[in-house]
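The values are calculated or read from the model by the stated rules, or taken from the named source; none is laboratory data. Owing to the predicted nature of the structure, the values given are computational and were not obtained by experimental measurement. Here the Cβ positions follow ideal geometry from the backbone for every residue, glycine too, while neighbour counts run over all protein chains shown.
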């Protein structure tokens, strides 16, 4: 039996681990693996708050535009903010991060 390890996203609870790299057009030929968490290092957060998409049918979504926090009629921001602060608190309590690391990150 092969084990497959994935880590929980502290914000949403989904898991992510390695991605199998295959030859384009031949998904049955494995040529390696990539750590999907490496991709998150490239996300700078230098983006608007969210996106507006439209359904084009059959599971196809089309990007319509980006939107800012002042358009958050659905109330996502307060929930995300509360979760982010809870994550920081939880990780401090578990000893996974230190107050000093948090202070350096927010400066």
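Restricting 57, 13, 75, 25 to residues that are at pLDDT below 85 and loosely packed, with under 10 Cβ neighbours inside 10 Å narrows the list to 57. Checked against (1) surrounded by fewer than 12 Cβ atoms within 10 Å (Cβ to Cβ); (2) part of a loop (DSSP other than H, G, I, E, B); (3) at pLDDT 90 or above, residue 97 meets all criteria but (1). Taken over the range 52-94, the criterion of being in a helix (DSSP H, G or I) and over 20 Å from the mean Cα position of the chain (by Cα) is satisfied by 70, 71, 92, 93, 94.
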